[in-house]
Amino acid sequence: MSINNYKQFFTKEHLMGPNSLKLLDELLVNALEAVAGYTMDLGCGTGITSLFLARETKAEKVFAVDLWVSAADNWRRAQAWNAQDKLIPIHADANDMPFAEGFFQSIVGVDTYHYFGGKPGFFAEKILPLLAPGGTVLLAMPGVKEEGAQYSPLMREWAGEEVEMFHSLPWWKETIGGNVEGISVRGYESARYSEAWQDWFASGHEYGLRDKAFMDRGLWDTLNFVMLEIHKEG
Ligand SMILES: C[S@@+](CC[C@H](N)C(=O)[O-])C[C@H]1O[C@@H](n2cnc3c(N)ncnc32)[C@H](O)[C@@H]1O
């Protein structure tokens, strides 16, 4: 697997934030074998991570689920990439997904889970039931190095009410795994935090240029990327 084969996707037409392919590549370093069978790319955006999962892992089918991006657009891209045998785009809300219990061997979400997953009980009620016994969930999301830092004036100026979505690694581990039987949660901070953001700025996306201005004013020291690997007992 070489991330260099995917450089054509490091563009403002494909990226929706910090380089999702590099973050996914990092998630897979220790979990490549765990991604297999029916796999969901939750909050897949333009589907570039779905393509990476389809091509670079043992996933049999990749269900590319997103709310803001239409299934029609992602199906067009799947066809253009010649990946229509493996990618199944679905328009759905993470709060109400149309899948059978135990359907997925793996569920992956890059730069998306913080939008909906921070509610108490969300993981146990909405995600865990869809996972087969022995299955794995891999998540990467922007967070804060220290809980509480999300409420700084600079964070509020940058993210407004969305500061509520940012949390520290210990907070996420506790919120997802705290009172849940039958799972193990491993977490770490991304080593590619800075690189992933630099690629986003370099894409020239107008949101990326705004983000860069805030990062340079001081957010580099506040933010991180929270990486989580959750296993369901077999
Ligand atoms: C910043 S984009 C990241 C997209 C992609 N994962 C990536 O990294 O390029 C966040 C994505 O989360 C998705 N999202 C937000 N809320 C969602 C929800 N309730 N259900 C499903 N997807 C959601 C959006 O549709 C959007 O595509």
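Summary table
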| item | result |
| --- | --- |
| Interchain or long-range residues, amide H under 5 Å from Ala36's placed H | Ser106 |
| Gaussian network model of the chain, springs between alpha carbon atoms under 10 Å - residue of Thr136, Thr39, Thr175 with greatest fluctuation | Thr175 |
| Debye equation applied to the C-alpha atoms of the chain, log10 I(q)/I(0) at 0.11, 0.12, 0.13 Å⁻¹ | -0.52, -0.63, -0.74 |
| For the range 100-181, fraction of C-alpha pairs farther apart than 23 Å, in % | 26 percent |
| Kirkwood-based Rg to Rh ratio, the range 9-54, C-alpha trace | 0.96 |
| Lysine pairs within the chain, Cα separation less than 17 Å, 8 or more sequence positions apart or different chains | 10 |
| Whole-Hz couplings from phi, Karplus 6.51/-1.76/1.60, listed for the range 220-233; x for Gly and Pro | 3, 7, 8, 8, 7, 10, 8, 10, 10, 10, 10, 10, 9, 4 |
| Peptides ranked, highest mean first, by Cβ atoms within 10 Å: ranges 74-86, 112-124, 219-231 | 219-231, 112-124, 74-86 |
| Under-5 Å amide H pairs with Asn19, H placed in peptide plane, nonlocal only | Trp197, Asp199, Trp200 |
| Percent breakdown of C-alpha pair distances by 10 Å bin, ordered from the shortest bin, for the range 29-135 | 16, 50, 31, 3 |
| Computed P(r) (all Cα pairs; the range 57-120; 10 Å bins; percent) | 18, 50, 29, 3 |
| Alpha-carbon centroids, the range 100-124 and the range 53-71: separation in whole Å | 14 Å |
| Within the chain, helix-based [θ] at 222 nm, where runs of 4 or more DSSP H residues each add -39,500 (n - 2.57), nearest 500 | -8000 deg cm²/dmol |
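Quick note: the coordinates plus some simple rules give every number you see, no bench work behind them. These figures come from a predicted structure and were not determined experimentally. Ideal geometry is used to build each Cβ from the backbone, glycine not excepted, and the neighbour counts take in all protein chains shown.
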